[in-house]
Structures are given as C-alpha cells and as structure tokens.
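Below you'll find the structure, written out as structure tokens, and then a few comments.
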Amino acid sequence: MDGEELTEHETALYDRQIRVWGADAQRRLSKSHILVSGLKGTVVEFCKNIVLAGVGSVTLNDDRLVTEELLSANFLIPLDENVYAGKTLAELCCDSLKDFNPMVRVSVEKGALSNFGVDFFDKFDVVVVSCCSLSTKKSVNEKCRKLSKRMAFYTVDCRDNCGEIFVDLQNYIYSKKKDDETFQCHLDYPSFVEAIAVPWKSLPRRVSKLYLAMRVMEKYEELEGRVPGETSAADLLNVQKLRKELCEAHSVSESQIPDSILQRLLEGRQEFPPVCAIIGGILGQEVIKAISGKGDPLKNFFFFDAMDGKGIIEDISEQKAQG
C-alpha cells in the first residue's frame, strides 16, 4: 500500500478526514484495494462507508439476482424494476456505489468465491466475505494466509436483529498514541479455522451466547447443504438435536445456547436496517484501522444484539484459552 503522495484533489476532498487521522493514513487508504463478497444490507453499509472514506478500489462479488428479501435492507438497489432486470446484485451495487465517490474505483468480479485461487486474492489488501458457507469462509481465509504479504480478512453475518464480525489480521503491528507519545503494538491473530476449533469448555464462562449459537447454525447449514440464512422455524428440532450433540462433545451445558436465540437466527432471514448500520459501521471502522495501522483493532470476534443493545468483543484463540 506504499506509494505516491496524495494528489491535490484528494487532499482537498478528504481534508476533514486528514485532520482526524493524518495524511499518511489517508494515503494508505487511497492506495488500498478491497474485495467484498456477499452484498446484503450490512455489507452494503460497510461498502458505503469505505467508499466515502476514500479507499483506492472496491471489487464486488455477488452473482445473485435481486429478490424481495434482498430489497429489505439494500439501499443500493434501484427501486425501478426495469433498471435491475437481468443484472446481478454486484452489478447493481457497483453502479450505485460509484455515485458516492467518483475518486474510488468500483468494479465487479463474477464467479463463485470458492472457485478463486490463491493468486486471485494477491491483488487485494482486504477481503470481506458474507453470505457464504462455513467451508468457503475457511478456504478463503486459508488462501489469504498463503500469500507472501499480510492480508486483512473479515467475515460478517447479520441475521434478524443481531450479527457477528470475525477478524484475522495475522501478525499485525500498529501504532498507538498515549500521553502525546506514539509507540508500536503487536497482535497475533488465529485463522478462522483455529479460532472456531477452540474447545467450548476452555472459553470464558460468560462468553457470548451468540458466538456458540452461530457455530451451531454454521454447522447445521453445512451438514444440510443449505445456503446461509435459508432456514426457518421448521428446522428448530433438528438444530436443537445438533446443539445437544455439540454441547455434549464440548462438555458444556445446552443452556449456554438458549432456544430463543436459535429461533431468531433460524427465522431472521431479513436484516434490520438500523442493525445493518451499526454492524456495517463497526466493520468499516475496523477496516480503516487495519489499513491505516492506527488505533486498537478488534480481536477477534464482535457481536451485536439489538435485544439488549450491547456490542461485545470476544478474543477467542487457543493462546487466550490456555492463558
């Protein structure tokens, strides 16, 4: 992401932001390249935020066609059916995003995310994935980790009025300011596979119930061959059965994963715009921090539940569990 200085036009356009995080951080942003796959409401909020912040380029990947469900929280889709007839979700969002900031290059990459090889990801600095299977999350994260450069990887999943963000910044070094003095900090992140492999019994007793419930849902969708989010109340009995099996395997009580949360995750196919704005805003903030190398990054899960209005950060790793 190192390169030439900001142009005069960029300096004028991003003047207010430069006053907040500095010219060097803005330069890093303007030279960064971001891949975003899975364009539901939360991810669309994220895209809007980073395009307005002035990243170098955003590549969108989502070959789905528009459905009534997707219209509920995606403000980038035009209301005129004649406009989106025959166009993929990525193509429609691309057209709309360009209007937010002409300085940012927005493009579309067609194809299934799971089919892209390691070399494909080398042209990006940040990869954000959503609306994909458990196996795709794992494989894309591992491909990013095989690159010679450090890649920032994120997954985001919003269901009903709650959601989850996972972060993998690998071996991350960043600057922190305290008492007018700047010093460097270092964090080691586990991969997605390593993080979700941590035995539940070794997690903190008050670990977010959403963390455990999301793992049950991911596993259920994988076993059933379901597209993420394509579940309903009719699946509850089978999900409860899987919860019992997983809790027994991890030696934890089923009460850690209440039926009420499972029901919401099963039935919550549509996203709520206010929740999308919160989680998409947090994700945008984290990506900006990762690119600029300034500010304490999130490590490594974030959960938000509108039922109690709380945002929770959980550091879930083998090192943390042993400590």
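The values are calculated or read from the model by the stated rules, or taken from the named source; none is laboratory data. Fair warning: this is a prediction, and the values are worked out from it, not measured in the lab. Virtual Cβ from ideal backbone geometry, glycine too; neighbours counted across all protein chains shown. Please note that ligands, DNA and RNA were not included when accessible areas were found on the heavy atoms of the full protein model with its side chains. Shrake-Rupley method; radii C 1.70, N 1.55, O 1.52, S 1.80 Å.
Some observations on this one:
- For the chain, built as a Gaussian network whose Cα springs stay under 10 Å, the top-fluctuating residue of Ala290, Ala277, Ala12: Ala12
- Considering only Thr155, Thr11, Thr42, the mean-square fluctuation computed in a Gaussian network model of the chain, springs between alpha carbons under 10 angstrom, is largest for Thr11.
- Assigned charges on the beta-carbon of Lys, Arg, Asp, Glu; the chain dipole about Cα centre (debye): 700 debye
- Low-density loop positions, trypsin sites (Lys or Arg not before Pro), region 201-262 - DSSP coil, at most 13 other Cβ in 10 Å: Arg205, Arg206
- Rolling a 1.4 angstrom probe over the protein heavy atoms with all chains in place gives region 197-267 an accessible area of 52 Å² per residue.
- Contact order relative to length of region 197-267, as percent, for alpha carbon pairs under 8 angstrom and 6 or more apart: 47 percent
- Among Glu91, Glu68, Glu194: highest mean-square fluctuation, GNM of the chain, C-alpha pairs under 10 Å: Glu68
- Rounded Å value of the spacing that divides the Cα centres of region 186-248 and region 256-272: 13 Å
- For region 197-267, size of Cβ-based charge dipole, Lys and Arg +1, Asp and Glu -1, in debye: 440 debye
- With K and R counted +1 and D and E -1, the other residues having a Cβ less than 9 Å from that of Ile261 yield a net charge of 0.
- Local electrostatic count at Gln240 - Lys and Arg +1, Asp and Glu -1, tallied over other residues with Cβ under 9 Å: +1
- Taken as entire DSSP H runs, the helices of the chain that both span 27 Å or more between Cα atoms along their own long axis and average 0.5 or more on the Kyte-Doolittle scale are 273-292.
- Inter-part distance where region 48-62 and region 75-137 are each reduced to a Cα centre, Å: 10 Å
- Charge context of Ser139, other residues only, Cβ under 12 angstrom, K/R +1, D/E -1: +4
- Whole-percent carbon and sulfur share, accessible surface of the chain, 1.4 Å: 49 percent
- Anisotropy class of region 197-267 from Cα gyration tensor, a/c 1.5 cut: prolate
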